[in-house]
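Here the structure comes first, spelled out in structure tokens, and everything after it is commentary.
Laboratory data are not the source of any read-out in this text; all were calculated from the coordinates shown. Predicted, not measured: the structure shown is a model, and the values here were computed from it. Because the Cβ atoms are built from the backbone with ideal geometry, glycine has one as well, and the counts that use them run over all protein chains shown.
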Amino acid sequence: MHDLYHPRIFELAGDIAHVGRLSAPHGTSTKVSKICGSTVTVDLMLEGDVVTGLGIEVEACALGQASASVFAGHAIGARVDEIVAARDALRAMLKENGPPPTGRFWELRHLEGVRDYPPRHTSTLLAFEAAVAAIEDARAKRAA
């Protein structure tokens, strides 16, 4: 477990920005890991394709918290395509031995050791999966 849990993981896990729910988000989503029970809820505000507000609740292991911290720390000001690309790159890093994500979510590289622990993949992906679903929710509401 040495490669899995290192000091930066714990630093990130202990410093999640924008904790709490938004009162009237444009989009919201909750994702749950069926394997471990970790839960992440993302509320967000969008102006066009840019995230302008964020609220996040995280009940997860240190890995899920660290991933949520990287997301929450850099989501405001991010374009939708950046978030989707980070989610896809994180998934590829974990499941297909791909390179770590780059750009504003570059600190996801600290989770590279998770690839060797498939049961931990889901909780590590939760924040980004919830964010993409919240974006889809906001877009659906906008189109209605």
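Here the contact order of the stretch 7-138, divided by its residue count and restricted to Cα pairs under 8 Å and six or more residues apart, works out to 32 percent.
List every residue whose amide H lies under 5 Å from the amide H of HIS26, counting only residues 5 or more places away in sequence or on a different chain, with H placed 1.01 Å from N in the peptide plane. Placed amide hydrogens put LEU44, MET45, LEU46 under 5 Å from HIS26.
PHE105: net charge of surrounding residues, Cβ under 15 Å, Lys/Arg +1, Asp/Glu -1, itself excluded?
0
One Cα centroid belongs to the stretch 109-144, the other to the stretch 1-70; the line between them spans 9 Å. For the stretch 122-138, putting each phi into the Karplus relation 6.51 cos²θ - 1.76 cosθ + 1.60 with θ = phi - 60° gives couplings of 4, 5, 5, 8, 3, 4, 6, 5, 5, 5, 5, 5, 5, 5, 4, 4, 4 Hz, in residue order, rounded to whole numbers and with x for Gly and Pro. Taking amide H positions as modeled 1.01 Å from N, with prolines and chain starts lacking one, the residues under 5 Å from SER38 and 5 or more places away or on another chain are SER33. Taken about its Cα centre, the chain carries a charge dipole of roughly 220 debye when the Cβ of each Lys and Arg holds +1 and the Cβ of each Asp and Glu holds -1. Coupling constants for the stretch 94-102 follow from the phi torsions by the Karplus curve (6.51 cos²θ - 1.76 cosθ + 1.60, θ = phi - 60°), and in residue order they are 6, 9, 10, 6, x, x, x, x, 10 Hz; glycine and proline get x.
Phi angles across the stretch 10-24 convert, under the Karplus curve 6.51 cos²θ - 1.76 cosθ + 1.60 with θ = phi - 60°, into 3J(HN,Hα) values of 5, 5, 4, 4, x, 9, 8, 7, 6, 5, x, 9, 8, 6, 9 Hz, Gly and Pro given as x.
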